[in-house]
Every structure is written in C-alpha cells, then in structure tokens.
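Asks: Take this structure, written in structure tokens, and hold onto it; I'll ask about it next.
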Amino acid sequence: MDASGTPHHPGDGRDPDGAVRVWRGLAPDAVLLDGFHAVKHALRFGAAVPVALTSDRAAVLALADDLAPDVRTALDALLVEVPADILRALVPRLHPTAVAALGSRPSRAEGLAALSRVPRTRPVVVLDQPRNLGNAGAVIRLAAGFGITGVITTGTLDPWHPTVVRGGAGLHFATVVERVEDAGQLPPGPLYALDAEGEDIRGLTLPDDAILAFGSERTGLSAPVRERADQLVSLPMNPRVSSYNLATSVAMTLFHWSTGHGPAV
C-alpha cells in the first residue's frame, strides 16, 4: 500500500515481494510460461495469467513494442521486475529474454469435450506414446499454426510439461492439448496412422474429421493404435533414409491436408 492508501496489485511494477509470494503459491499447479514468446502467445490466445516476472521490465516492454504491440498493454499491467537472482531461483532454466509467467491450465473436461465434438471441421493429431518433450512442443506449435482441432498424447508424457510448453512457445492456449491413457479413449473419427508400410499420402485426400496418429520416435505405432486405424499412410522418403523427425512428419501431413483448405482461422 502506498502513501495514499492505494493497495498495490502484484502486477503494477511496484511490489516485487508480493509478486514473488503469488508466484510461489501458484507455481505447483500452474503452467510455466518461460520466455517472451510463451508469455506473448498465452496472453494473445486468452490464457488466464495471474503473475509475470522479469529482471528487466523495460527490455520486455520494448520487445512487446517491436514484436507484439497487441499484448503490450496487458504486459505493462502484469509485469513485475524482480532481482535477477530471485528470478533465476524461481525459474532455473530461464529463457534469454528474462521473463516468465504462470498460467492457469484449461479445463481437462472442456478440452476432451472439444476434441470429441462432431461434426469436426479440422483434424486432431495423436502422438502415440511420444518420448521427446521438445518434439511434442514443436507439434503443438504446428497444430496452432494450422488451426487444427487439437493434439492428444497417449502414454505417460505430460503434454503440459514445462519443456513441452517452452517448445510450443506458449501455443498450447491456441489449440486443445490433452493426454489420454490409450487408443480406447481417442475421440471419434476416421483414424489415419502414419506408417512406412501404408499407402502413399500423395494419393489420398485426408478428411477434415480425420484423427492423424503418429508413433513414438523409437518404437513407432503401438499395437492398439495400429489395430484401431482405418488406414495406414506413408510419407514419401528416399529408401536409404530410415525416418523423419516426428515434428517433420506431422508438418508434412498437415500441409498435405491443408492444401484443400483456406488459411487457418
């Protein structure tokens, strides 16, 4: 509270101790948004962001002026400057832009309902038991860019892990991102599974309500997903090359689907 009796909001730039207390209270259950682009995208796509910290408020607002003027006002109201050592204690792998925020994870029930809603006008991507957190983040970034319905992971990988959110540049909030245990919990729709033994994708038209499944980086498609598949699909590849990166495979498949559509909305 200042001399006039006006209480300080944690985001007004004048109460670093209060903002740090808010951070520590929320951190165990919140989504870590590490870096300017993650914070920018979260705000741009309507995430609830209760606290944001930086060690250089002026520099972050200058970035907003240059790269994201649409979120500049929101950042100005939200950002609190704290000493660099305190920020690094809260976020050990701090992004070079020296800004981080906490977001509220969207409702799981609402996300699963959105993924299962039919008729569906844009595909769903399934990552079947993925292992690499960075790959999962890159796929979510692709999903947001193509404007598809969402991304589902099966298995144990948490698609909201901080490393995945960092790899997705905060674009989890631009699409639906959820995890299910196995193939039996996937939403309805024709399932096209990417596999080297499948039919060449260049001869296929992927429907708008497709479920596009991609296997693990190491072991490929799991048996339950392969059995559930309506069709196996392959990507063109030199026979002497063993495989593509997972995110590359998703990008090629989504681009093929998108050729019959207008821009993402």
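Asks: At R0 = 25 Å, how high is the FRET efficiency between residue 86 and residue 61 if r is their beta carbon distance? Nearest 0.05 is fine.
Replies: Rounded to the nearest 0.05, the efficiency is 0.80.
Asks: A follow-up question, please. Taking the DSSP beta bridges in the chain as the whole, what percent of them are antiparallel, to the nearest 5?
Replies: 25
Asks: Which of 134, 145, 25 ends up with the largest GNM mean-square fluctuation for the chain, with Cα atoms connected below 10 Å?
Replies: Top of the fluctuation ranking is 25.
Asks: How big, in percent, is the set of alpha carbon pairs in the range 94-194 lying more than 20 Å apart?
Replies: 34
Asks: Which percent of the accessible heavy-atom area of the chain goes to carbon and sulfur, probe 1.4 angstrom?
Replies: Of all accessible area on the chain, carbon and sulfur atoms account for 53 percent.
Asks: Further question on the same structure: For the range 16-67, just say rounded, prolate or oblate: build the C-alpha gyration tensor, square-root its eigenvalues into a ≥ b ≥ c, call rounded for a/c under 1.5, and beyond that prolate if a/b exceeds b/c, oblate if not.
Replies: oblate
Asks: Would you mind calculating the gained length between residue 182 and residue 158 on full extension (0.36 nm times residue separation, minus the Cα-Cα distance), in nm to one decimal?
Replies: 7.3 nm
Asks: In the Gaussian network model of the chain, springs joining C-alpha atoms below 10 Å, which of 137, 46, 168 carries the largest mean-square fluctuation?
Replies: In this elastic network of the chain, the residue with the biggest mean-square fluctuation among 137, 46, 168 is 46.
Asks: Compute the length gained on full extension between residue 223 and residue 244: take 0.36 nm times their separation in residues and subtract their Cα-Cα distance, giving the result in nm to one decimal.
Replies: 5.5 nm is the gain from fully extending residue 223 to residue 244.
Asks: Could you tell me the extents of the range 172-213's C-alpha atoms along the three principal axes, largest first, rounded to whole Å?
Replies: Extents along the principal axes: 32, 24, 18 Å.
Asks: Right, here's the next one. Under the rule of -39500 (n - 2.57) per DSSP H run of 4 or more residues, summed and divided by the residues of the chain, what mean residue ellipticity at 222 nm is obtained, to the nearest 500 deg cm²/dmol?
Replies: Calculated from helices alone, the mean residue ellipticity at 222 nm is -10000 deg cm²/dmol.
Asks: I'd like the orientation of helix 16-26 relative to the chain: the angle between its Cα long axis and the longest Cα principal axis, in ° from 0 to 90, rounded to 10.
Replies: That works out to roughly 30 degrees.
Asks: Now for a different question. Please name whichever of 155, 75, 98 sits farthest to the positive end of the charge dipole of the chain, dipole taken about the Cα centre and charges placed at Cβ: Lys and Arg +1, Asp and Glu -1.
Replies: My answer, from the dipole projection, is 155.
Asks: Taking the chain on its own, what percent of its Cα-Cα pair distances exceed 31 Å?
Replies: Summing the P(r) of the chain above 31 Å gives 33 percent of all pairs.
Asks: If you don't mind, there's one more thing I want to ask. If I fit a long axis through the Cα atoms of helix 57-67 and take the longest principal axis of the Cα atoms of the chain, what angle between them do I get, 0 to 90°, rounded to 10?
Replies: Long axis of 57-67 versus the principal axis of the chain: about 40 degrees.
Asks: Moving on. Note down the magnitude of the dipole of the chain about its Cα centre, charges +1 on Lys and Arg C-beta and -1 on Asp and Glu C-beta and zero elsewhere, to the nearest 20 debye.
Replies: Computed about the Cα centre, the dipole is about 160 debye.
Asks: As an exercise, use a Förster radius of 51 Å and the Cβ-Cβ distance of residue 230 and residue 93 to find the FRET efficiency, rounded to the nearest 0.05.
Replies: 0.80
Asks: Give the longest segment of the chain that steers clear of trypsin sites (Lys or Arg not before Pro) in DSSP loops with at most 16 neighbouring Cβ atoms within 10 Å, not counting the sites themselves.
Replies: Longest stretch, sites excluded: 132-217.
The values are calculated or read from the model by the stated rules, or taken from the named source; none is laboratory data. As the structure is a computational prediction, the values presented were derived from the model and not from experiment. Using ideal geometry, Cβ is built from the backbone for each residue, glycine included, and neighbour counts are taken over all protein chains shown. Note: areas computed on protein heavy atoms with side chains; ligands, DNA, RNA excluded. Shrake-Rupley method; radii C 1.70, N 1.55, O 1.52, S 1.80 Å.
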